[in-house]
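Undergrad: The structure under discussion is supplied below as structure tokens; questions concerning it will follow.
The values are calculated or read from the model by the stated rules, or taken from the named source; none is laboratory data. As the structure is a prediction and not an experimental result, all values here were calculated from the model. Don't worry about glycine lacking a Cβ; one is built from the backbone with ideal geometry, like all the others, and counts go over all protein chains shown. The accessibility values were calculated without ligands, DNA or RNA, using every heavy atom of the protein model including side chains. Shrake-Rupley method; radii C 1.70, N 1.55, O 1.52, S 1.80 Å.
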Amino acid sequence: MDHQREVLDAERLNAALLELEDEIHWDAAPTLELAQRYERQARLLGDELLVARARLSQINMRMRAGDVAEAAQRMWHVHQWAVDHDAHQLTARIHLVWAAIHRHLGDAAQSLEHAVRSVELLDDTATDFMQIWHRAKLADSLAFAGSMEPARERFSQAERLTVELDRPFLLLYVLNNYAYSEHAAGNFALAAEVATRLRALSAKHGYELDATVLDTIGAIEMSNGHFAEAERTMQACIEKYSSFRRHDADAMPEYLLNLARAQRGLGAYERAQSSLDESRRLCADRELGHFLVQTHQEQAELHAARGEFAEAYEAHKVFFSAYNRLQSGQREAQARTRQAMFETTEARQEAERFREQARRDPLTGLRNRRYLDEQLPRLIDNDPELTVAIVDLDHFKRINDQLSHDVGDQVLVQVAKLLETELAVVSPEGFVARMGGEEFLMVLPGCPASRAGHEIDGIRRAVRAYDWAEMTRGLPVTVSIGVAGVSEAESRTQPGLLSTADRNLYAAKHGGRDRVVCGVPGPDRTHSYRDRASAA
């Protein structure tokens, strides 16, 4: 693309990222490089969503390139950001990549769980590609878990969507995955039927089948004993792959290995040996342990087919030894990935604990001013029936002076419990925050001041009625409360709402304490409670 090296504005960068997200990429290395460039540009724009999307594209390419541990480790940060910012479309894409990561780890249950979430999160903002591909990948996960009947239903659903949304090219890959799933499940006849449909679709629309699809078809032909067709298909696959400059290291060795298998089945042993030798050479050059083991196995099979049983036995011993080393290496790799995921999860949970602690008052356990400043502006903007109430303990200084600050702390903790318990009955969605000292704020969403005043007065009575005698040695504990609804506030802002409640608190103090005052402050209430500290 010509625009890859120029600086993109937000609109064009969004379109460029969408092009990455809504295409099936077989060549991981250049796509990773492009996604990294897009992340740098998104950072220059200061757009966090674009940054997160670019990072997810990178994670997907790292996973496709086989670096599963690195992909898993990087995923948590993007996932947390998406959840915190309610980015549904991004979260759906994240779960799709999680499903693939767990499939690499051999964890069918976790793969299926994430695939289900990737479909559940689809909404009207999801692209056509997502609507189709997420369902196809859910079908993949169902097949991987051994549930072929539900998998067929999901493949069928994805296929119908390609027709409804007029995406016939995407149907090629839905059918490819379906054919591969039936083949992997040992349903070779069904797989052949789907492969026939693949070829028919290609002919109907003039699509050229790429190497990946041809490899699937060749494997199905071999499994059904059609070795001559399989040889031609694999030769076409290799020719197609060779015509494109790709960076995936393992594709050509795998295609050559499958060609050798087809040629062995055909009885063309010299051609099979030549194909196998080239596959083995590439595997050794590129350190592809997994496919190198398979070349040893195929060599044993080829010797046996030629009647060279001693050589077959020796080749099988080499295969068996290499297979054991591979299994050990794979277990270690899986362990490293799981450890990386575990460590990242621990770090994320620890960060969550610190985040939560930073928004809690250490003495009472209530929400603190920081949490209030984060949540209240949003509630004011979105809830016309929001009510707040500032609660202040009466004569609290006397408790500290005559008893002790320790007793004062005990009183604050108990008042906090009472406020929180009583508020939960009145307003289950509400919360109590400690503003500082002996002052608290009750927040009541969806509860207009006309109704809240009566309910809050019941909370005031509950504080007074509590048996304080043993804790305070007979000193009474009461509270004064100033109430304000959004519609009554001086301005529809946090300072405006709290200022109105504060003036009503002053009126409650001035009027004799142990009372609730709500409504719009009148002319005789021009001072706020904070203006008259001595009124406590």
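Undergrad: If ALA184 satisfies all but one of (1) hydrophobic (A, V, I, L, M, F, W, C); (2) in contact with a Ser or Thr (Cβ under 9 Å, 6 or more places away or on another chain); (3) open to solvent by 40 Å² or more (accessible area, probe 1.4 Å), what's the number of the condition it fails?
TA: For ALA184, the exception is condition (2).
Undergrad: How many of the residues making up segment 176-232 are assigned to a loop (DSSP other than H, G, I, E, B) and touching a residue at least 60 places away in the same chain (Cβ under 8 Å)? Talk me through it step by step, then tell me what you get.
TA: From segment 176-232, those assigned to a loop (DSSP other than H, G, I, E, B) are 185-187, 206-210, 224-226; that's our starting set.
Among the residues that remain, those that are also touching a residue at least 60 places away in the same chain (Cβ under 8 Å) are: 210.
Qualifying residue count, segment 176-232: 1.
Undergrad: Something else: From the list TRP81, TRP76, exactly one residue is touching a residue at least 40 places away in the same chain (Cβ under 8 Å), at negative phi and open to solvent by 30 Å² or more (accessible area, probe 1.4 Å). Which is it? Explain how you work it out, then say what you get.
TA: Numbers: TRP81 fails: touching a residue at least 40 places away in the same chain (Cβ under 8 Å).
The match here is TRP76.
Undergrad: For segment 384-399, check the following and say yes or no: at least one residue is surrounded by 21 or more Cβ atoms within 10 Å (Cβ to Cβ) and more than 20 Å from ILE459 (Cα to Cα).
TA: Taking every residue of segment 384-399 in turn, at least one turns out to be surrounded by 21 or more Cβ atoms within 10 Å (Cβ to Cβ) and more than 20 Å from ILE459 (Cα to Cα).
Undergrad: With the checklist (1) open to solvent by 20 Å² or more (accessible area, probe 1.4 Å); (2) modelled with pLDDT of 90 or more; (3) touching a helix residue (DSSP H, G or I) at 6+ places or on another chain (Cβ under 7 Å) in hand, flag the one item VAL7 doesn't pass.
TA: The single condition VAL7 does not satisfy is (2).
Undergrad: Quick test of your reading of the structure: MET471 fulfils all but one of (1) open to solvent by 20 Å² or more (accessible area, probe 1.4 Å); (2) under 46 Å from the mean Cα position of the chain (by Cα). Name the failing condition by number.
TA: Condition (2) is where MET471 drops out.
Undergrad: Considering segment 449-468 alone, what residues qualify as being touching a helix residue (DSSP H, G or I) at 6+ places or on another chain (Cβ under 8 Å), open to solvent by 40 Å² or more (accessible area, probe 1.4 Å) and not in a helix (DSSP H, G or I)?
TA: Passing the criteria: only TYR466.
Undergrad: Criterion first (within 14 Å of ILE390 (Cβ to Cβ), in contact with a strand residue (DSSP E or B) (Cβ under 9 Å, 6 or more places away or on another chain), touching a residue at least 24 places away in the same chain (Cβ under 8 Å) and not hydroxyl-bearing (Ser, Thr, Tyr)) does VAL426 satisfy it?
TA: Values: within 14 Å of ILE390 (Cβ to Cβ): no; in contact with a strand residue (DSSP E or B) (Cβ under 9 Å, 6 or more places away or on another chain): yes; touching a residue at least 24 places away in the same chain (Cβ under 8 Å): yes; not hydroxyl-bearing (Ser, Thr, Tyr): yes.
No.
Undergrad: Would segment 52-66 turn up any residue that is surrounded by fewer than 18 Cβ atoms within 10 Å (Cβ to Cβ) and either farther than 21 Å from SER181 by Cβ or in contact (Cβ under 8 Å) with a residue 40 or more places away in the chain (or both)? If you could, list the steps in order and put the result at the bottom.
TA: Step one: list which residues in segment 52-66 are surrounded by fewer than 18 Cβ atoms within 10 Å (Cβ to Cβ), which gives 66.
Within this subset, residues satisfying the condition of being either farther than 21 Å from SER181 by Cβ or in contact (Cβ under 8 Å) with a residue 40 or more places away in the chain (or both) are 66.
Looking through segment 52-66, at least one residue is surrounded by fewer than 18 Cβ atoms within 10 Å (Cβ to Cβ) and either farther than 21 Å from SER181 by Cβ or in contact (Cβ under 8 Å) with a residue 40 or more places away in the chain (or both).
Undergrad: Can you say whether ARG264 is open to solvent by 70 Å² or more (accessible area, probe 1.4 Å) and assigned to a helix (DSSP H, G or I), as far as the supplied structure shows?
TA: On the way: open to solvent by 70 Å² or more (accessible area, probe 1.4 Å): no; assigned to a helix (DSSP H, G or I): yes.
So ARG264 does not fit the description; no.
Undergrad: Across segment 105-127, what is the total count of residues that are touching a residue at least 60 places away in the same chain (Cβ under 8 Å) and open to solvent by 40 Å² or more (accessible area, probe 1.4 Å)? Break it down stepwise before answering.
TA: Keep residues of segment 105-127 that are touching a residue at least 60 places away in the same chain (Cβ under 8 Å), which gives 105-106, 127.
Then drop every residue that is not open to solvent by 40 Å² or more (accessible area, probe 1.4 Å), which leaves 106.
Selection size over segment 105-127: 1.
Undergrad: So the check is Cβ under 6 Å with 6+ separation or different chains; which pairs have a first residue in segment 139-158 that's open to solvent by less than 50 Å² (accessible area, probe 1.4 Å) and a second one that's not in a helix (DSSP H, G or I)?
TA: Short answer, once both residue conditions are applied: MET148/ALA185.
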